[in-house]
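Novice: Got a structure for you, written out below as structure tokens; questions coming shortly.
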Amino acid sequence: MGQVTFLPRALTGTLFATALLAAGWQYALYGIGGAALGTAGAWLLGVDEERLAQGMEGFNSCLVAVSCAVLLGGTRASTALVALLGCAAATVVTAAAGRAFGTWGLPALTLPFCVVASAITLARRAGPVTEVADGSRALPLGDTARGFLAGFGQIFLLPQWYVGAFVLAGLLVAGARVAGVACLGNAVGMATAWALGMPAERLADGIGGYNGALVALALCGVFLAAGPRTLPYALAGAMVATAAAPAFGATAFTWPFVLTTLVFVAAARSFPRLAAPTGVDQ
């Protein structure tokens, strides 16, 4: 579960599970169960033990399972069946994406989650989970703080500020630099979304910041070594991902993060002054 934010740490994953539990027992059950199913399925299919030990086969299925609970209702028996099938599909898509992108030396990121969750969204007959409010207003300080924390919760599709607080705690376990980069990406994403006119209600729910936080983490310390040149590059990526998010509709998942990161990682190879890639495979 820690690999959702590129962190192969058991304590980080435990705090992320606690974050889901804070939102409701069903989210924790689906998140932990999804991570276990993805890992078990990959193990049965003979995936390399190092990938299993690092949590590389569980984070996409974790997100798929949580998205099922959010989109379809975590207390329905049918949701459990969809989540089970979705986790199996995520394992297959993870392998396919890793093989295809590996040819160019690019990471698959959360693309398997996005593909499976988008398919589930298109298949269901209900409309978007949340309605997009019209108009915008100034965001009070309290709502700004709530939106900032909620941005971390939205990584798991959950808008509660206290969920985000546990996710941020999980990042802090990995170090002040990791948490700091994520906070900057989140803040830049929120500021960009506000400047582009995102309704205050959506900002307060954390919609504006989560893609920016993930992009910043990916481009400053994971796929590019952290440094004074990669940080501005990562924050520029956070702005681009946030600006692109409305194109994906009400259920953007992490599509903006995935596509922006892939473009920026590929482009970095043409910029000699950027730090060399760290070689992390995800």
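The values are calculated or read from the model by the stated rules, or taken from the named source; none is laboratory data. Treat the numbers as computed from the prediction; the structure is a model and nothing was measured. Here the Cβ is made from the backbone with ideal geometry for all residues, glycine too, and neighbour counts use every protein chain on show. Heads up: the accessible areas ignore ligands, DNA and RNA and are worked out on the full protein's heavy atoms, side chains in. Shrake-Rupley method; radii C 1.70, N 1.55, O 1.52, S 1.80 Å.
Novice: Would region 63-77 turn up any residue that is free of Cβ contacts under 8 Å to residues at least 24 places away in the same chain and of a type outside the set (Lys, Arg)? Spell out how you get there, then give the answer.
Specialist: Going residue by residue through region 63-77, those that are free of Cβ contacts under 8 Å to residues at least 24 places away in the same chain are 73, 76-77.
Checking which are of a type outside the set (Lys, Arg) leaves us with 73, 77.
Yes, region 63-77 contains a residue that is free of Cβ contacts under 8 Å to residues at least 24 places away in the same chain and of a type outside the set (Lys, Arg).
Novice: A follow-up question, please. Among the helices (runs of 4 or more DSSP H) confined wholly to region 136-212, which include 3 or more residues that are open to solvent by 20 Å² or more (accessible area, probe 1.4 Å) and over 17 Å from residue 242 (Cα atoms)? Please lay out each step first, then the result.
Specialist: Details: elements: 141-153, 161-173, 176-195, 200-204.
Per the criteria, 141-153, 161-173, 176-195.
Novice: Do any residues in region 160-182 that are closer than 15 Å to residue 210 by Cα and free of Cβ contacts under 8 Å to residues at least 60 places away in the same chain have Cβ atoms under 9 Å from those of residues that are open to solvent by 30 Å² or more (accessible area, probe 1.4 Å) and not in a helix (DSSP H, G or I), where the two are at least six apart or on different chains, and which pairs are they?
Specialist: Sorted first by the residue in region 160-182, then by its partner, the pairs are 181/226.
Novice: Spot the failing condition for residue 57; the list is (1) outside any helix (DSSP H, G or I); (2) surrounded by fewer than 17 Cβ atoms within 10 Å (Cβ to Cβ); (3) touching a Gly at 6+ places or on another chain (Cβ under 8 Å), and only one is missed.
Specialist: Unmet condition: (2).
Novice: Scan region 223-242 for residues that are more than 14 Å from the chain's Cα centre (by Cα) and open to solvent by less than 30 Å² (accessible area, probe 1.4 Å) and jot them down.
Specialist: 223, 224, 227, 230, 234, 237 - these are the residues of region 223-242 that are more than 14 Å from the chain's Cα centre (by Cα) and open to solvent by less than 30 Å² (accessible area, probe 1.4 Å).
Novice: Could you identify the single residue in 33, 38, 55, 98 that is on the phi > 0 side of the Ramachandran plot and not hydrophobic (A, V, I, L, M, F, W, C)?
Specialist: Numbers: 33 fails: on the phi > 0 side of the Ramachandran plot; 38 fails: on the phi > 0 side of the Ramachandran plot; 98 fails: on the phi > 0 side of the Ramachandran plot.
Selected residue: 55, the only one of 33, 38, 55, 98 that is on the phi > 0 side of the Ramachandran plot and not hydrophobic (A, V, I, L, M, F, W, C).
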